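Data first, discussion second: the structure below is written as structure tokens.
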Amino acid sequence: MAANTVLNYLPRNSIVHNLTGTTKLVFFLLFTFASMVTYDTRVLLVLMIFSFACFKLSSIKLKEVRFMLIFMLVFLLLNNLFIFLFDPNQGTKIYGTEHVLVHLFFKYSLTAEQLFYHFNISLKYFVALPVAILFISATNPSEFAASLNKIGVSYRIGYAVAIALRYIPDIQRDYHNISQAQQARGVELGKNEKLLNRLKNSVSILLPLILSSLARIDTISNAMELRGFGKNKKRTWYTQKPFKAADWAAIALGVVLLIFSLAVTFYDGERFYNPFK
């Protein structure tokens, strides 16, 4: 199940996991902003190296986040496809030149500028996704809630986010258990069955899944109400960690990468690196 879970906390003894939740949240926001503001290929390549290095340091294996990677690749392909279909000349508009490589059909021609633009779009995905996956997979939900509260977010909102993150693996486990039970009763959901029939048979899982989810929600809400949750304006956190030297170093690295991204991107007043000039 570990390799098939989605948005699940994966505990490890690594440098990334040992950072506080606040540090990981701040670094994630700084790094994400640094990658969002730029279309400079040089900056994106540097950020991608740091992104892959952070993922390597986390000791999380690719097979454990396989589903999210496949989902990202499919979404990336669709995004590039629709960009080209709706505006095949976006690259030429941005870079100001046109080098036609091959004419396809109608108004669609494949240009070097368009390919370079799609390359930059793809780079942004490969920059942001490893850090996003890492932030979710390497941060304990309770610690994440504590980090949100520490930067000024209400602890009620932070606790709601933590419960939602904890609830995702529970839903996956319930779905798997119900699926196994239905298959034992003769409802075919395996790969040998046709896709349309599998979709129809999957409906038989939804009702038990919804009922079990409602029962769990009722249990959690009653437990929180009995313990007086939300009565006070502030609360303490059992999983909150003190800041260490590694935390300050990680935040400093995030600030440096953001400054680097802004400086290189806007030194000539443009967001796009243009190799066609």
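The values are calculated or read from the model by the stated rules, or taken from the named source; none is laboratory data. Everything quoted here is computed from the prediction, not taken from an experiment. Note that we place each Cβ from the backbone using ideal geometry, even for glycine, and neighbour counts take in every protein chain shown. Keep in mind that these areas ignore ligands, DNA and RNA; they rest on the heavy atoms of the full protein, side chains included. Shrake-Rupley method; radii C 1.70, N 1.55, O 1.52, S 1.80 Å.
Annotations
- Exceedance of the 28 Å cut-off in Cα-Cα distance is limited, within the set 61/124; 24/61; 56/194; 63/93; 61/241; 124/233, to 56/194; 63/93; 124/233.
- The base-10 log of I(q)/I(0) for segment 146-256, evaluated at q = 0.21, 0.23 Å⁻¹, reads -1.15, -1.29 [Debye formula, identical scatterers on Cα atoms, solvent excluded].
- Semi-axes of the equivalent ellipsoid of segment 80-197 are 42, 29, 10 Å, computed as sqrt(5λ) over the eigenvalues of the C-alpha gyration tensor in descending order.
- Distance between the pseudo-spin-label points of residue 74 and residue 45 (7 Å out from Cα toward the beta carbon): 3.2 nm.
- Gained length - residue 245 relative to residue 86, 0.36 nm times residue gap less alpha-carbon distance: 52.3 nm
- Once the gyration tensor of the Cα atoms in the chain is diagonalised, the equivalent ellipsoid follows with semi-axes of 39, 31, 16 Å, ordered largest first.
- With all protein chains kept in place, the per residue accessible area of the chain amounts to 59 square angstrom at a probe of 1.4 angstrom.
- Kirkwood Rh in Å, taken over segment 134-177 so that all alpha-carbon pairs contribute: 11.0 Å
- Here the simple spin-label model places points 7 Å from the Cα toward Cβ, and for residue 166 and residue 264 these points are separated by 4.1 nm.
- Cα centroid separation - segment 149-181 against segment 52-108, whole Å: 31 Å
- Amide proton proximity set for residue 109, modelled H, under 5 Å, gap of 5+: 104
- Kirkwood hydrodynamic radius (C-alpha pairs) into Stokes-Einstein, segment 223-266, 20 °C and 1.002 mPa s, D in µm²/s: 150 µm²/s
- Remark: segment 13-120 projects, on average over all directions, an area of 8.6 nm² (convex hull of Cα atoms).
- Solvent exposure ordering (accessible area, 1.4 Å, most first) of 154, 109: 154, 109
- Kirkwood radius for segment 81-135, taken over all pairs of different Cα atoms as the inverse mean of 1/r, rounds to 12.2 Å.
- P(r) weight above 17 Å for segment 193-277, C-alpha pairs, percent: 77 percent
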